[in-house]
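Enquirer: Mind having a look at this structure? Questions to follow.
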């Protein structure tokens, strides 16, 4: 196909005076947040781009590939995936000090008091994870060559930007003629940093108070390796993957979303808080992190729409606990079938009132429950049954959530099981501040892997 001259959107975005997306005023006409899902975000992002005919669209695995697929489809361009992984601080693995790309691409933002040897070890561990994911995603088709071609790097959003900076440097090292960063939503300061790394930056929504990227999507469910492989046009490997499910409980049917990563070591059932549902962007964000740590996740609605309309049901902790126990039983019955490859240890993740339901259900089921994590929870609503909980329990609260901190301290004093209270600095009740929800997700992943899988997260 003959090459053509760069189109106006590229040339305009390359000129500083036209980079309106960096100022947050490049909103798509008629656009509105939140995005329905990554496909919606990709379709809207595609309309803001006008790439050259020989461009390659590369999504950051995993979530960015779902957005990138819509961009590639809209413009008839080839699609690929880049297995970027964060480099975690050795003493606080949920805190990223940089990111790596497969086969040795490294970006280290700061040593943060670490020695060169400590940083090198953290980089080596992250590189091993990136290489493993790259081998899986490109198992039947080699990565596309971007040398001499425009490379459009796409992710589902930019918070700190470490992974995208690593991706931009990877594209340049591969010899890309032009490097364009394209995202649906991002933090202005991060977009400004990316402008120093890329030739152009396109963002539909630049938000000063971004928080976690998943908060700006109605549906931010995790993207599995199998989905990425399918989007790349490769045959998916045999094995479980999950999907939309229906859970019978108390004569009603409750919709849910089950995700089973390859070689899952455990399963986590989510109990959302009052006024929320299985589509909670915060829980979906945490679930994706758990999936990356080889933990299956089940997010489901604890109440039908009709039941949820009665506010008394929303705070009926025994009712919610019975629904959680029903979902647990349903999940265990699937072991060895189409949805689960084998019997897996099961844990609970509860948010707000869902945390009380998780602890009450754990008290009822005893040793059957492998671990419990509470996010901004109300464990006090489980009352005296807290003394009966046997599952190792992690209570996570925001540093600015004073009332809930005290309620969690009182609840912790009643727990006879192994337990820990983690206070996330700078976080309010909903963990909307930058990096705080990521901290919740990483703490939860480590707790569940430790108690369900007997190890530490490997991604």
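The values are calculated or read from the model by the stated rules, or taken from the named source; none is laboratory data. Every value quoted in this text rests on a predicted model; they were computed, and no experiment measured them. Neighbour counts run over all protein chains shown; Cβ positions are idealised from the backbone, glycine included.
Enquirer: Of the residues that make up the range 348-357, is at least one closer than 24 Å to residue 294 by Cα and free of Cβ contacts under 8 Å to residues at least 60 places away in the same chain?
Expert: no
Enquirer: Okay, next question. Among the candidates 129, 136, which residue alone is within 30 Å of residue 217 (Cβ to Cβ), in contact with a helix residue (DSSP H, G or I) (Cβ under 6 Å, 6 or more places away or on another chain), part of a helix (DSSP H, G or I) and at pLDDT below 90?
Expert: 136 is the lone residue from the list that is within 30 Å of residue 217 (Cβ to Cβ), in contact with a helix residue (DSSP H, G or I) (Cβ under 6 Å, 6 or more places away or on another chain), part of a helix (DSSP H, G or I) and at pLDDT below 90.
Enquirer: From the list 147, 192, 166, pick out the single residue that is in a helix (DSSP H, G or I), in contact (Cβ under 8 Å) with a residue 24 or more places away in the chain and surrounded by fewer than 19 Cβ atoms within 10 Å (Cβ to Cβ).
Expert: Every option except 192 fails the conditions.
Enquirer: With the requirement that a residue be in contact (Cβ under 8 Å) with a residue 60 or more places away in the chain and buried (at least 24 other Cβ atoms within 10 Å of the Cβ), what does the range 177-189 give you?
Expert: Result: 180, 182, 183, 184, 185.
Enquirer: Is the range 93-104 home to any residue that is surrounded by 20 or more Cβ atoms within 10 Å (Cβ to Cβ), in contact with a helix residue (DSSP H, G or I) (Cβ under 8 Å, 6 or more places away or on another chain) and assigned to a helix (DSSP H, G or I)?
Expert: Yes, because at least one residue in the range 93-104 is surrounded by 20 or more Cβ atoms within 10 Å (Cβ to Cβ), in contact with a helix residue (DSSP H, G or I) (Cβ under 8 Å, 6 or more places away or on another chain) and assigned to a helix (DSSP H, G or I).
Enquirer: Among the numbered conditions (1) touching a strand residue (DSSP E or B) at 6+ places or on another chain (Cβ under 6 Å); (2) modelled with pLDDT under 90; (3) farther than 24 Å from residue 102 by Cβ, tell me where residue 212 comes up short.
Expert: That leaves (1) as the condition not met.
Enquirer: Looking only at the range 225-258, count every residue that is modelled with pLDDT under 85 and touching a strand residue (DSSP E or B) at 6+ places or on another chain (Cβ under 9 Å) and tell me the total.
Expert: 6
Enquirer: Somewhere in the range 339-351, is a residue surrounded by fewer than 21 Cβ atoms within 10 Å (Cβ to Cβ), modelled with pLDDT of 85 or more and under 24 Å from residue 446 (Cβ atoms)?
Expert: Within the range 339-351 (the criterion being surrounded by fewer than 21 Cβ atoms within 10 Å (Cβ to Cβ), modelled with pLDDT of 85 or more and under 24 Å from residue 446 (Cβ atoms)), the answer is yes, since at least one residue qualifies.
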